[in-house]
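Have a look at the structure below, then the notes.
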Protein chains: 4
Amino acid sequence: MHRSEPSNNAKKQREATIFEAACQVIRDKGFHHARITDIAQEAGISYGLVYHYFGSKAHLYDAILEEWWNGLFNALEETDRQSAPVETKLSAIVHYFFDLYDQRPNLVHIFVTEISRASANLTPARLKFFKIFFDKTEKIMAGAQETNELRSDIKARYLTYIFFGALESFVSTMVLENQPLKGPAQKERIVSGLLEVFLNGAREKERSRKQPGGRDR
Amino acid sequence: MHRSEPSNNAKKQREATIFEAACQVIRDKGFHHARITDIAQEAGISYGLVYHYFGSKAHLYDAILEEWWNGLFNALEETDRQSAPVETKLSAIVHYFFDLYDQRPNLVHIFVTEISRASANLTPARLKFFKIFFDKTEKIMAGAQETNELRSDIKARYLTYIFFGALESFVSTMVLENQPLKGPAQKERIVSGLLEVFLNGAREKERSRKQPGGRDR
Amino acid sequence: MHRSEPSNNAKKQREATIFEAACQVIRDKGFHHARITDIAQEAGISYGLVYHYFGSKAHLYDAILEEWWNGLFNALEETDRQSAPVETKLSAIVHYFFDLYDQRPNLVHIFVTEISRASANLTPARLKFFKIFFDKTEKIMAGAQETNELRSDIKARYLTYIFFGALESFVSTMVLENQPLKGPAQKERIVSGLLEVFLNGAREKERSRKQPGGRDR
Amino acid sequence: MHRSEPSNNAKKQREATIFEAACQVIRDKGFHHARITDIAQEAGISYGLVYHYFGSKAHLYDAILEEWWNGLFNALEETDRQSAPVETKLSAIVHYFFDLYDQRPNLVHIFVTEISRASANLTPARLKFFKIFFDKTEKIMAGAQETNELRSDIKARYLTYIFFGALESFVSTMVLENQPLKGPAQKERIVSGLLEVFLNGAREKERSRKQPGGRDR
DNA sequence: TATGAATGAGCTTTCATTCAT
DNA sequence: AATGAATGAAAGCTCATTCAT
């Protein structure tokens, strides 16, 4: 009975191999054009085995969904647990996306191209995840409104959309143009620009307007 | 006035009918699951006629792309022609999306679910449109930086991503949750919230901070 | 009533135009891949008109068949009418093929690629033409056997096959390699070689064998 | 002997079954009208399996081509290896066709109706085979010219065309009229007639003309 | 566990043909 | 006579999935 453990590990290992192969192929070809055969080939196994481990193509997709959302939800929860300024929390979210893109670019790619929109795969069950994500983020926003960190004249839900949209926009561009971040400096520039605008706005501030010589750099 | 090209008109009419039917079906089922047969049925014609007018499913898709981007580009150009404050220009863009959603919800839906990401259909030729769009918007941002309307310490390209991402986020939610705008009031609330945050930021303003009882926890 | 003549001529003219266009396209693409649209385009008319004149693609094919076989049968009959040595008669047949290739290469091309074998189009009614052709040629052979011009220990039918096969072989090669005859000299070399071998055989003759120095040309 | 590769054998077996079914159906209907479904039905399998084994209809055709030409080339090479009189070599070629027609009539049928001409399937790659065949045969002819077995005043290439054309003519007739050889006697009569005419000519020989009582109109 | 032979639903596309104008 | 819009039969091919070994 205790012999099950090692084989269990081997099993997990295989499953992970297939999973990663699937991510790679789906990233490259898109979910629809990713054939089970391709995935098996990428994983170095026969295609029958994919069914052994994942049951069907749809289940494989669901496994990827799960992986993505679980990771994100965990990050959100961890973020929300601490009582930090909203700036810190939002920064954590942004970093989560950019860091994950460094570590598991395929997963982020798939999020952008297959999860985020892709009507082909949109089922109510799958949309549910988005709702949860927005709810969690909204909670952060609402909390910050209560502490007067964020303005309350705009619905927390709207703040959520604006914040997440701006973030997603960067991530999408990165992904779709296949541009890895050029070093941590660029990452910080993007992250701070994003947070800066969200929190303080894009408008040129009074101080500089006051200056008679204007922006004369 | 004197019916000069009657057959030509009828032709345009048919083409438009098929086009709209295609939008409807693609919106409902997604491009991949939209069969030519479905589109023909929706248009009340035989499937052969779809090929007569559009040549192939891919061409039909390209026609939709064209329709979408041309409309958007025209709107952008019109916007940019006038020398108005950046606020007005951005407002025009936002309104374009929301107004179009009132008039041609299918087209906007398809933009969100099939054009904006949907790796399956992403070809370099199609990505090109996005580049053009971002370039045009960036020009608006850069112009506003020069007139000191927008801060210059953040790249115009980044401002573009943030602005468009925020906008797209609202549109996507609307589309994916199948929520038409509940009247012009809601539309204005969203538009102004979006512009407000982008231009002035989400952070609680000085006035509230000034209050001695302020956020001091 | 006599006004019908000119329009009749115009009609014939159109029919001929379409016919030649059909030959051209069928030669280029093969019968199966030759679309009515292609033929109409080649003829500079609308495809509907092809149906006006020929009824269907099959009828068009039959018209070509007719044209081919009638020409050949006429040539054969003319040949057979005269009481000339068999050599002259066979030479006439060979020349018919080669001359026609100069004048109407498309027709000869189609004979080789679409009529001569091409199971796709082989119907009993069409095979019939071949029978007639072989019968007529056989008659020539049999006649020559009776006059002791040709040996009688080989069935006239067999002589027919051998003769026609040898001829067709040249024509096919010419057609399939798209090689027009390089001047009348080559044509005569081929024709005489063909007749020479058929009539006198390919074997080296006694006289040369007798010569001690052998083939010393 | 010890069933080493059972699955491999079964595989070969299946492939052969499909191949033969394809030959049968193509012979009956012609390549174009032979549907994959028909072939599968003939083979007693599902149409998907045809694709499993042959990839596409075109590949199936290529496999048949290969089978045909390889067999013929092998026969030619074997023939040419031995230093026999040209008569023997040519006889071997003729016998190859006739014997194969006994054993695999479908293959010969397909050669005549689909390979030999059939413009629809003629690609440069496929014409290449013909070139090779003619080259090999020409070599035999040229060799016989050098040994004074064949006359040298006619190009070896022309001799090739004449010989092969005559042969093909018999085979075609046999095939197109669906006439199996009526016993070995007929076969020999045809073979010897063919070789006789090719080598010695069809003309009535001197000896008979010398005879005073001859039919001497 | 692991393999890959076997199946067939499902889709796009072609193109001959019809027929209203 | 002439056009080309409209139709739909027909066929190839893909690929997820099943299952015997």
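Please list, by residue number, every one of the trypsin sites (Lys or Arg not before Pro) in the stretch B:94-173 that is coil in DSSP and has at most 16 other beta-carbon atoms within 10 Å. Present the calculation step by step, with values, prior to reporting the outcome.
Details: sites: B:117, B:126, B:128, B:131, B:136, B:139, B:151, B:155, B:157; in loops: B:117, B:151, B:155.
Those satisfying the criteria are B:155.
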| In whole Å, what is the distance between the alpha-carbon centres of the stretch D:5-81 and the stretch A:112-139? | 50
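Arrange D:65, A:159 by Cβ neighbour counts within 10 Å, fewest through most, would you?
Working: D:65 18, A:159 27.
Listed from fewest to most nearby Cβ atoms, that is D:65, A:159.
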| message | Can you list the copy-to-copy distances for residue B:16, using a point 7 angstrom from Cα toward Cβ, in nanometres, shortest first? | response | 4.9, 6.0, 6.7
| said: Is there a quick way to get the dipole size of the protein assembly as shown? I mean about its Cα centre, with the Cβ of Lys and Arg at +1 and of Asp and Glu at -1; what is the value in debye to the nearest 20? | reply: 240
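If each DSSP helix of 4+ residues adds -39,500 (n - 2.57) and the sum is divided by the residues in chain B, what number results at 222 nm, nearest 500 deg cm²/dmol? Could you put the intermediate results ahead of the total?
Working: 10 runs with 156 residues, N = 217.
Helices in chain B give a 222 nm mean residue ellipticity of -23500 deg cm²/dmol.
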| task | With label points built 7 Å along Cα→Cβ from the Cα atoms of residue C:126 and residue B:70, find their separation and express it in nm. | result | 4.6
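How big is the equivalent ellipsoid of the stretch C:2-75 along its three axes, where each semi-axis is √(5λ) from the Cα gyration tensor, reported in whole Å from largest to smallest?
On the way: eigenvalues 85, 64, 19 Å².
Calculated on Cα positions only, the semi-axes equal 21, 18, 10 Å.
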| field | Selected from C:25, C:52, C:37, residue furthest toward positive end of dipole (the stretch C:1-55; charges at beta carbon) | value | C:52
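Treating only the Cβ of Lys, Arg, Asp and Glu as charged (+1, +1, -1, -1), what charge dipole size does the stretch D:57-202 show about its Cα centre? Round to the nearest 20 debye.
On the way: 16 positive and 19 negative charges, 64 e Å.
Computed about the Cα centre, the dipole is about 300 debye.
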| query | Rounded if a/c is under 1.5, else prolate if a/b is larger than b/c, else oblate: which is the stretch B:14-55, with a ≥ b ≥ c the root eigenvalues of its Cα gyration tensor? | reply | prolate
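Can you give the FRET efficiency to the nearest 0.05 for residue B:95 and residue B:146, using r as the Cβ-Cβ distance and R₀ = 25 Å?
Details: r = 24 Å, r/R0 = 0.97.
Efficiency, from the Cβ-Cβ distance: 0.55.
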| query | Which of the aspartates and glutamates could a cross-linker span from residue C:187 if the Cα-Cα distance has to be under 15 Å and same-chain partners fewer than 8 positions apart are dropped? | reply | C:99, C:102, C:168, C:196
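One-quarter of the Cα convex hull surface for the stretch A:33-139, in nm²?
Values: hull surface 30.8 nm².
Taking the Cα atoms of the stretch A:33-139, their convex hull projects to 7.7 nm² on average.
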| Where does each of A:38, C:99, A:102 land when they are ranked from fewest to most other beta-carbon atoms within 10 angstrom? | A:102, C:99, A:38
| said: Ordered shortest first, which distances in nm separate the 7 Å Cα→C-beta label point of residue C:66 from those of the other copies? | reply: 4.4, 4.6, 7.3
| Phi-based couplings in Hz for the stretch D:187-203 (Karplus 6.51, -1.76, 1.60; Gly and Pro marked x) | 4, 5, 4, 5, 4, 5, x, 4, 5, 4, 5, 4, 7, 10, x, 8, 5
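Let me check against my output: what whole-number percent is the relative contact order of the stretch B:14-55, with C-alpha pairs under 8 Å and at least 6 apart?
Working: 30 pairs, mean separation 15.6, N = 42.
Computed over the stretch B:14-55, the figure is 37 percent.
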| message | Relative contact order for chain A: what percent, with Cα pairs under 8 Å and sequence separation of 6 or more? | response | 17
| request: Sorted from largest down, give the three principal axis spans of the alpha carbons of the stretch A:119-187, whole angstrom values. | output: 39, 38, 16
| query | Between residue B:84 and the same site in the other copies, what are the distances in nm, shortest first, taking label points 7 Å from Cα along the C-beta direction? | reply | 4.1, 9.2, 9.5
| Straight-distance crosslink candidates among lysines, where the alpha carbon sits under 17 Å from residue C:205 and sequence neighbours closer than 8 are dropped | D:155, D:205
| Charges only on Cβ, +1 for Lys and Arg, -1 for Asp and Glu: so what's the dipole of the stretch A:1-55 about the Cα centre, in debye to the nearest 20? | 120
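Chain A: Rg/Rh from Cα coordinates, Kirkwood Rh?
1.07
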| message | Based on Cα coordinates alone, diagonalise the gyration tensor for the protein assembly as shown, multiply each eigenvalue by 5, take square roots, and list the semi-axes in whole Å, largest first. | response | 81, 34, 23
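No value in this document is a laboratory result; all are computed from the given coordinates. All of these numbers come straight from a predicted model, not from anything done at the bench. Glycine also receives a Cβ, built like all others from the backbone with ideal geometry; neighbour counts cover every protein chain displayed.
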